[in-house]
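Data block below; observations after.
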């Protein structure tokens, strides 16, 4: 199977909207995060993303508000801004036996390092992998359109990820971002582009 190497704005906008429709687990304290990480540890490949509250003024520091991890069965949303990086997340980030697939990870990893010094292992950035496979367009919206044939909404991207309660729109948006990483990688594997 060949995928299109690029996509125009018109082609992208003509696609149907898609989002994650499965089970979403919100983990908001050390206990619920530890339980979530126990489940996640059973998987060899997961989708990975983070969200942070945007800054609109020069010199303002951005802080990680959320880590999203997608498995075959569920997407876990870890509210790190409440508890920081607990040991179970730290172990996961340093575990080379779990493949963590993301899109444009350098910013995510930089913000994670601000929480705790981490030796990141087992990460694959689709923004680096896809050009090696011939893709000219990269990024979450383009890749989900080219590989999964639907477009994703980015309207919740700049919302407040440190809010006490996340809105249903934020929850769906965050879960979708991690889920598409796993789904795109799955497709590439199915088509023989990656072997792991």
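The values are calculated or read from the model by the stated rules, or taken from the named source; none is laboratory data. Every value quoted in this text rests on a predicted model; they were computed, and no experiment measured them. Cβ coordinates were reconstructed from backbone atoms using ideal geometry, including for glycine residues, and neighbour counts include every protein chain displayed.
Consider residue 78 carefully, then state whether it is over 29 Å from residue 135 (Cα atoms) and either modelled with pLDDT under 95 or touching a strand residue (DSSP E or B) at 6+ places or on another chain (Cβ under 7 Å) (or both). So residue 78 fits the description; yes. Pairs meeting the criteria (first residue in the range 36-47 and more than 12 Å from residue 92 (Cβ to Cβ), second residue assigned to a helix (DSSP H, G or I) and modelled with pLDDT of 95 or more, beta carbons under 6 Å, at least 6 apart or on different chains) are 47/178; 47/179; 47/181; 47/182. Does the range 9-28 contain any residue that is within 20 Å of the chain's Cα centre (by Cα), free of Cβ contacts under 8 Å to residues at least 60 places away in the same chain, assigned to a helix (DSSP H, G or I) and surrounded by 14 or more Cβ atoms within 10 Å (Cβ to Cβ)? No.
Among the residues of the range 34-45, those that are surrounded by 14 or more Cβ atoms within 10 Å (Cβ to Cβ) and either part of a loop (DSSP other than H, G, I, E, B) or in contact with a helix residue (DSSP H, G or I) (Cβ under 6 Å, 6 or more places away or on another chain) (or both) comprise 34, 37, 41, 43.
Kindly indicate whether residue 122 is within 13 Å of residue 177 (Cβ to Cβ) and either crowded, with 17+ Cβ neighbours inside 10 Å or touching a strand residue (DSSP E or B) at 6+ places or on another chain (Cβ under 8 Å) (or both). No. Restricting 102, 122 to those that are modelled with pLDDT of 95 or more and at negative phi reduces the list to 102.
Counting only residues that are part of a loop (DSSP other than H, G, I, E, B), surrounded by fewer than 21 Cβ atoms within 10 Å (Cβ to Cβ) and out of contact with any helix residue (DSSP H, G or I) (no Cβ under 7 Å at 6 or more places or on another chain), the range 158-196 holds 11 of them. Of the numbered conditions (1) under 22 Å from residue 184 (Cα atoms); (2) in contact with a strand residue (DSSP E or B) (Cβ under 9 Å, 6 or more places away or on another chain); (3) crowded, with 16+ Cβ neighbours inside 10 Å, residue 52 fails exactly one; give the number of that condition. So the condition that residue 52 fails would be (1).
Applying the set (1) out of contact with any helix residue (DSSP H, G or I) (no Cβ under 7 Å at 6 or more places or on another chain); (2) at pLDDT below 95 to residue 129 leaves exactly one unmet item: (2). Counted as qualifying within the range 53-141 are the helices (runs of 4 or more DSSP H) with 2 or more residues that are closer than 23 Å to residue 23 by Cβ and within 15 Å of the chain's Cα centre (by Cα), namely 87-93. Only one of the numbered conditions (1) crowded, with 22+ Cβ neighbours inside 10 Å; (2) touching a strand residue (DSSP E or B) at 6+ places or on another chain (Cβ under 6 Å); (3) in contact (Cβ under 8 Å) with a residue 60 or more places away in the chain is violated by residue 105, and that is (3).
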